[in-house]
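Worksheet: the structure to be examined is printed underneath.
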Amino acid sequence: MPGIDFREARARLSLAAVLDLLGFVPLTRRADQVRGPCPVHRSRSPASRSFAAHLGRNLWHCFRCGAGGNALDLWAARTRQPLHAAVLDLCARLGRDVPWLPRPPARRATPPTDAHTKEKNTMHDP
Ligand SMILES: [Zn+2]
């Protein structure tokens, strides 16, 4: 399976969209910072403000369970999936294309030993 361009995935999958998907209801909002119950450890009280998200910077942190990260980390933490699977899941749910990394060239065409020799030669050439 080809790799995912996580940088591009973070750009396409906003924290606001993930919070929407989680049904997060902010208790307080100041500029682009929201506070409310934590979707990761699932605060028992709907009045909890342990979870803080900075929508502009796509970062979040929970003062109770200590979890934090970006939008992708939030979905992975909440759905208990590895990051790779969480991104595929998120793209499907939000109707976004998965940002695959370009496929690396076939291994047979360039054996690793040849590549190393070439690299060395290039480095030592004046
Ligand atoms: Zn938490």
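The values are calculated or read from the model by the stated rules, or taken from the named source; none is laboratory data. Please read these numbers as outputs of a predicted model, since none were measured by experiment. Note that each Cβ is placed from the backbone with ideal geometry, even for glycine, and that neighbours are counted across all protein chains shown. Each accessible area value is taken on the protein alone, full model and side chains, heavy atoms only, with ligands, DNA and RNA left out. Shrake-Rupley method; radii C 1.70, N 1.55, O 1.52, S 1.80 Å.
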Within the range 26-71, report the trypsin sites (Lys or Arg not before Pro) that DSSP leaves as loop and that have at most 16 other Cβ atoms within 10 Å. Arg42, Arg44, Arg57, Arg64
Just to confirm a number: summing +1 for Lys and Arg and -1 for Asp and Glu over residues other than Phe63 whose beta-carbon lies under 12 angstrom from that of Phe63, what do you get? +3
Over the range 46-89, with every protein chain in place, what whole percent of the accessible area is carbon and sulfur at 1.4 Å, could you tell me? 54
Simple label model, 7 Å out from Cα along Cβ direction - Asp89 to Thr28, nm: 3.1
With the 1.4 Å probe rolled over protein heavy atoms, the range 13-90 has an accessible area per residue in Å² of 53
From the mean inverse distance of alpha carbon pairs (Kirkwood) and the Cα radius of gyration, derive Rg over Rh for the range 14-59. 0.93
What is the spin-label model distance, in nm, from His54 to Asp5 if the labels are put 7 Å beyond Cα along the C-beta direction? 2.6
